[in-house]
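For reference, the structure is listed below as structure tokens.
The values are calculated or read from the model by the stated rules, or taken from the named source; none is laboratory data. Since we're looking at a predicted model, the values are computed, not measured. Cβ sites come from the backbone with ideal geometry, for glycine too, and all protein chains shown count toward neighbours.
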Amino acid sequence: MALALPAALIATFALAQPAFAEAGSPDASGTSTSAAAPTSAPGTAAPAPTDQAKTSSDSASTAGVNALGASIAKIALSQVGNGDNPVVTGFGGLNCNPYTTEVAGFSANSDGCGYDSTFNVRNSNENWCADFVKWVWQQAGITQDMNTINAAASSFVQWAVDDGQTPVADSGTPVVGDAVVFFHAGAISAARYADHVGIIVAVHDDGTVDMVNGDFSSSTNVKVEHDVNLDLTTFAHNTWSAGEVWALVSPPTAAQHPNPKASISGPDTAVTGTEAVYHAAGSENGGSMTGYYWTFGDGRATNSNGADVTHTFATPGLHTVTVTATSSFGTITTVTKNVNVVGASASVAAVPSTETWYSSYPVSYYRFVRASGSGSLAADVWDGASWLQLAAAGTPAPSGAIAALAYIDPEVNSATTPHAYFRASDGSLAESYLGSSGWVSNDLPGTPATGADVVAAYTASGPAVFFVDANGLLNETSESSGTWSTRTLTDFAVQPAPLALSETADGPIVYAIGHNGKLTTISQASHDWAAVPSPARVSKQATLSALTTPDGVASVVVNGAVGAGRSGDPALVQLTRKSRGAWTTTTLPGSPAAGAIAASTYELPSAVSGPLGDFPNPPGTLQDGPAHRLGSVVAYLSANGSPAVAYNDGSGWQTAALPGTATAVTGIAAEPIAHQPLQVYLDTASGPAMDTTGDTAAPSGPWATQALPSSPAAFADRVLLYSAGAGDLPAAQAAAASAGLSSSQVTTSYQVAWAATLSGDHFVIAVGQAALNALEYNTCGWANPSAVDPGSTPFDYVTRALNVLPGADLFMNGAASVAANTQQRATDLAYYAVNGALPAGQTALPAAAPSARTCLGSAS
């Protein structure tokens, strides 16, 4: 594995940073054997550290301790024991902490992170030793040049240089309040990767020091640790390696200019797939504001500039918004605002990746279907490059819509978790979700009617599921504090299907068809729910699809509206809720056949700038970003069986034809973040399929058709051989054939191989040196679905034969140390994966080649 410092941290200083592996730092892993080393060796499972401050303080020297240093030490010591949420004991995955959120770490994101009740923010995922020291210094009143310090520990060296200091390796007299930066052997330079930065909190007469270190691991959690009686050189050698050096960075001695004042205004509740508008106000005595920089907890690609921003949240749950306001004096203030994001169920449950700490890409889609033949629940999973159908848990009834909903689930370690809600084959309401150990199915209270559609929402109170019971009454089953309960909402009878739902900041609105043939809206008014028939009368074959418009207004699209003064054939009509409960009706263009439709908002191409993963660098500007980011789109079948869309990009409704023919529209996905495709799901005569734009694009296209899985994948179906060198492709093809695998299980696409390795749902074999180097290091800098910076990947490889999935971020090394043996090694790995044994006559694998930082082959 090779993880490089994100380009943004480099760009901040216009410096070149080498690639690095986190394996040797306290912010990752290491060892310690000296009594003077940390009580809990970073990255190792050790007994809980003992705070020895009381013992050591008797010999602490007070010489040279100034008021600022004493304040820094006091603040740092007050944080000892604070740590990650969710709890982790190593550095192989998430590293979620509140300090990164508090200092607005611009490359971090909160996907997979829990809530910190002390700071009242959602944690952020980032190696955080530097964020912790920055936060402590800021709390102590240091305001000078704080935009220079970021998640790179070496940024403290740059700060020191800007302050007129010259940090020297293994030199200087520590003073309370100093930052200590640790490097591998070599020059002390901001252009080099630094392993760690900590804070001196006491200096003893014998020359040893006490330190407070953020982001140190232990057997209980990654946390803030107090380490005492340290000789800095011995500590450095024992924690990292012989030759490790340290350098002191002193806090400023000059009087500090006060920070600017700043505030955030905007909605406390936002709806997924809509435009949430926020405003920052700042002021500085005797100066002016020069920039505002925003983060939203959903990856650096959504960071923004300006006093006014329009943001689209993609995932329900609590998000912490930050804005860092910079003054003309170079001082900054970071303020936070918690936003409760709500959202409705959709055609897919979308889950951002957490495998790379500064990227939420790729976004995985979970599309819940009934498995062919068995009828059991299955999930078509899109990993950002290809589809795979996996068996889920539970058996839905043969009819009725299945609701797909992803949200930040505290019961699954705060991971964004895909959930399916459906009427089970035994008639009960049921859910299926992807837990930490696999798919889980539970019965929920409530009994939907035969054939009932199920819809769901993540509301301000948590998840809620809606359905019609056998008496024709709308029911809600909701979760509160881990307990599910059910209730009947109204006594107004409606049909069990179709059923649709819009989520709004004021709560969900459910749409149904009354027995009088009128479209009926059911929503909460104060504490009670009310059913209100609309003027729109619908045909017997009418179908519904709901959305929340870009400006956050409830809306439903009806295929088969015949009322409200209309005449002639049933039409495609959008009803949009106005103030005071009134509704407006808009007839949409197009001539849809009877049948299902699917509606969504989508990201406007005009709101996307730069390549995948592109984002604005801090410290921000005064120039606002795009004010409008979204349009609306509805997919339907034309009378001739051709799929089509009606869409509104802000200039009015228009239509576009999609390729191919189909028998039904089964859904739509349009994740509202940059570089995510529009996907329309279809049933066709030859099986399930989708029409897709492939990237952020206008619904006018171009579109392409792709087959979807028709049955759950067997283990053998999940084997994928990847070749990056033209000379290795025949070896990969021969290996697949020898193992009885399809030729479609050989790929030359780096995008496909990357996404498959990242997900952990595939058994990826890198065939040849080019493929091995590409997945381990990406020295060539090829584009990838995670938008990871060139020269780095989150992956590592396995050399022994396996017949189980190696796991997320792991692939099989199919390159032989002797190139002529690569085909045999790849064959052996593929054959063993499928059969649990090597081919006849083979007793051992040919020796594996080591990976190398050499660019070979091509990306496709």
Report task. Could you check, for region 134-141, whether at least one of its residues is closer than 12 Å to residue 105 by Cβ, under 24 Å from the mean Cα position of the chain (by Cα) and crowded, with 24+ Cβ neighbours inside 10 Å? Result -> no
Requested in this report: Could you please tell me which pairs satisfy a Cβ distance under 7 Å, a separation of 6+ or placement on different chains, a first residue in region 216-244 that is at negative phi, and a second residue that is in a helix (DSSP H, G or I) and among the aromatic types (Phe, Trp, Tyr)?
Outcome: 224/132
**Report entry** Criterion violated by residue 374 - all others in (1) on the phi > 0 side of the Ramachandran plot; (2) without any contact (Cβ under 8 Å) to a residue 60 or more places away in the chain satisfied
**Finding:** (1)
Query raised in the report: Which is crowded, with 24+ Cβ neighbours inside 10 Å, farther than 25 Å from residue 458 by Cα and either touching a residue at least 40 places away in the same chain (Cβ under 8 Å) or hydrophobic (A, V, I, L, M, F, W, C) (or both), of 320, 324?
Result: 324
Query - Single residue of region 387-405 satisfying the filter (part of a loop (DSSP other than H, G, I, E, B) and touching a Phe, Trp or Tyr at 6+ places or on another chain (Cβ under 6 Å)) that is farthest from residue 430 (Cα to Cα) - result: 392
Query raised in the report: Looking at region 326-348, which of its residues are in contact with a Lys or Arg (Cβ under 8 Å, 6 or more places away or on another chain) and not in a loop (DSSP other than H, G, I, E, B)?
Result: 333, 338
**Report entry** Residue satisfying all of: in region 797-841; of a type in the set (D, E, K, R) and out of contact with any strand residue (DSSP E or B) (no Cβ under 6 Å at 6 or more places or on another chain); surrounded by the most Cβ atoms within 10 Å (Cβ to Cβ) among these
**Finding:** 828
Report summary line: When every residue in region 444-483 that is hydrophobic (A, V, I, L, M, F, W, C), in contact with a Pro (Cβ under 8 Å, 6 or more places away or on another chain) and assigned to a strand (DSSP E or B) is compared, the one nearest to residue 416 (Cα to Cα) is 457
Query raised in the report: Counting just the residues of region 257-288 that are of a type in the set (A, V, I, L, M) and surrounded by 21 or more Cβ atoms within 10 Å (Cβ to Cβ), which one comes out nearest to residue 554 (Cα to Cα)?
Result: 271
Query - Scope region 191-210; condition of a type outside the set (S, T, N, Q) and surrounded by fewer than 22 Cβ atoms within 10 Å (Cβ to Cβ); matching residues - result: 191, 192, 193, 204, 205, 206, 207
Query - Residue ranges of strands (runs of 3 or more DSSP E) in region 132-236 with at least 3 members farther than 30 Å from residue 332 by Cα - result: 223-230
Query raised in the report: Just to be sure, is residue 662 assigned to a loop (DSSP other than H, G, I, E, B), farther than 29 Å from residue 788 by Cα and touching a strand residue (DSSP E or B) at 6+ places or on another chain (Cβ under 6 Å)?
Result: yes
Query raised in the report: Among the candidates 798, 834, 752, which residue alone is within 22 Å of residue 360 (Cβ to Cβ) and modelled with pLDDT of 95 or more?
Result: 752
Requested in this report: For region 581-611, name all the residues that are of a type in the set (Gly, Ala, Ser) and modelled with pLDDT under 90.
Outcome: 581, 582, 609, 610
Requested in this report: Please state which of the following conditions residue 150 fails to meet, knowing it meets all the rest: (1) buried (at least 24 other Cβ atoms within 10 Å of the Cβ); (2) under 30 Å from residue 206 (Cα atoms).
Outcome: (2)
Query raised in the report: Got a number for residues in region 90-129 being part of a strand (DSSP E or B) and within 18 Å of residue 794 (Cα to Cα)?
Result: 3
